[in-house]
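The structure under discussion appears below in the form of structure tokens.
Values in this text are rule-based calculations from the coordinates and carry no lab data. Values in this document were obtained by computation on a predicted structure and should not be read as measured data. Neighbour counts run over all protein chains shown; Cβ positions are idealised from the backbone, glycine included.
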Amino acid sequence: MLYHLHELNRALWSPWVLYAEASAKLYGRDPFRRLPFAPRVAAGFDLMHRIGKDYEKPEFGIREVSAHGHRLPVIEIEADATPFCRLVRFKRYSDDPKTVEDLKDDPKVLVVAPLSGHHATLLRDTVRKLLEDHKVWITDWTDARMVPAQAGAFHLDDYVDIIRRFIGALGADDLHVICVCQPSVPVLAAVSLMAAAGETVPRSLTLMGGPIDTRRSPTRVNDLATTKPIEWFEQHVIHVVPQNYPGAGRLVYPGFLQHAGFVAMNPRRHFRSHWDYYMDLVQGDLDDVEAHRNFYDEYNAVADLPAEYYLDTIRIVFQQHQLPRGEWRVRGERVDPGAIRNMGLLTIEGELDDISGLGQTEAAQGLCHGLDAARKRHLTIKGAGHYGIFSGRRWREVVYPDVRAFIVANAAGSRRTDR
């Protein structure tokens, strides 16, 4: 019912949002912009429009990249797909034979984006930087409200299966996997199961800000998941997709509820940001205006999560801690990271991360006790929050050089199998 009320409210507000957009443009043009109050009126209408509008999934928008001393065009290619996820490659092109050969020698990297509310485009900066030195693929998760109910349920086990499928499709022997936040758990499970089955595992695995063991330095996110029984989540945050979407009838954790939770974590900061945006519009500070729009175009674009997957994650990862306790079974097989024998493991945490606390990602180092100490490395990025370890200046200037060096160190040479 809540989802239906949300859609009704959205429909009722739609004419006013369009009116605000038109009015903002009107007061920004002659003769109205010459009026003394025009800048404030236009700014007010613009802010009203942005607060009330729908935010669609943004584009990655990576059209070109610097690589091997050249500016190279980039196109997106769908390399594989399931109803719930696409495997997207960012392919670089050149007509220079030497550059083409250099591109072929670059390491292959699979970036596993989180399925936790925001779209994979949140990792745009991550992908853009990696493309300078690597061949890059990313998991592009589908908004659950857009997946027909006939596609069936989607559990955390299905997530693990998809990762194993994509790793197999790309070829694990010369592949490096990077996970950001939530996928650290299912990806570590996928690689563990591959190792236990005697399959070739990726050359290296990098886990960034992930909830491997949420008993360490619990955050407000962890507290919410542990102070309510699983029945509370089933009754209060799971809703049915309305009829106006392809996924009508599917049970989901709606994106609009997730967004409300994101904002509620720091309402003062968001209020201040919107006030600053209004003042920047009045004063004509277009650089800050554009920065605000770019951030909130991404931040406000949220996706529904399949209910089964969301509830599995709450129960298995945050409430029962099945992975670090050695109790997690996927399709009946126990997940044992200790089975991994021949892979590089890099864990990265932000000193000020308020989503995955210090030590939660580093816990993977102890779980992967079958790896030689020389193959394992941990980084704590000083002054970085959750987003700073994979986006922005710290990612580009501090984190990425270490990630690149770790991949290079694990890219060369032959390997024995894990069995």
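Some values worked out for this structure:
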| read-out | value |
| --- | --- |
| Interchain or long-range residues, amide H under 5 Å from V330's placed H | V335 |
| Simple Cβ-charge dipole of the stretch 3-95, Lys/Arg +1 and Asp/Glu -1, about Cα centre, in debye nearest 20 | 400 |
| Folded to 0 to 90 degrees: helix 184-196 orientation relative to the chain principal axis, Cα | 20 |
| Cα centre as origin, Lys/Arg/Asp/Glu Cβ charges: the stretch 186-323 dipole, Debye | 540 |
| Whole-number percent relative contact order across the stretch 138-245, with pairs defined as alpha carbons under 8 Å at least 6 apart | 26 |
| Equivalent ellipsoid, the stretch 50-194 (semi-axes from 5 times Cα gyration tensor eigenvalues, Å) | 27, 20, 13 |
| Using alpha-carbon coordinates, inclination of helix 400-411 to the longest axis of the chain, degrees | 30 |
| Length gained when the stretch K228-D105 is fully extended (0.36 nm per residue, less Cα-Cα span) | 39.3 nm |
| Karplus (6.51, -1.76, 1.60) ³J(HN,Hα), θ = phi - 60°, over the stretch 374-390, in Hz, Gly and Pro reported as x | 5, 8, 10, 8, 10, 10, 10, 8, 4, x, 9, x, 4, 6, x, 7, 10 |
| Long-range HN-HN contacts of G357 with modeled amide H, under 5 Å | T219 |
| The stretch 85-215: antiparallel DSSP beta bridges as a percent of all, rounded to 5 | 30 |
| Listed residues V147, A172, H49: farthest to the positive end of the dipole of the chain (Cβ charges) | A172 |
| Sum of -39500 (n - 2.57) over DSSP H runs of 4+, divided by residues of the chain (222 nm, nearest 500) | -12500 deg cm²/dmol |
| For the chain, with +1 on Lys and Arg beta carbons and -1 on Asp and Glu, the positive-most of M1, P186, W137 along the dipole | P186 |
| Cα→Cβ-extended label distance, 7 Å offset, between A374 and R269, nm | 4.2 |
| Rounded to 5, percent antiparallel among DSSP beta bridges of the chain | 50 |
| The chain: angle of helix 255-265 to the longest principal axis, Cα-based, in degrees nearest 10 | 90 |
| Estimated vicinal HN-Hα couplings, Hz - the stretch 284-293 in sequence order (Karplus 6.51, -1.76, 1.60; Gly, Pro = x) | x, 7, 5, 5, 5, 4, 5, 5, 4, 4 |
| Assigned charges on the beta-carbon of Lys, Arg, Asp, Glu; the chain dipole about Cα centre (debye) | 340 |
| Those GluC sites (Glu not before Pro) in the stretch 27-116 that DSSP places in a loop and that have at most 13 other beta carbons within 10 Å | E56, E59 |
| Amide H within-cut-off set for G117, under 5 Å, with H built and near neighbours excluded | A303 |
| Whether the stretch 64-144 is rounded, prolate or oblate, judged on the alpha carbon gyration tensor where a/c under 1.5 counts as rounded | prolate |
| Charge dipole of the stretch 270-405 about the Cα centre (unit charges at C-beta), most positive-ward option of L281, W328, G388 | W328 |
| Cα Rg over Rh - the stretch 184-228, Kirkwood | 1.13 |
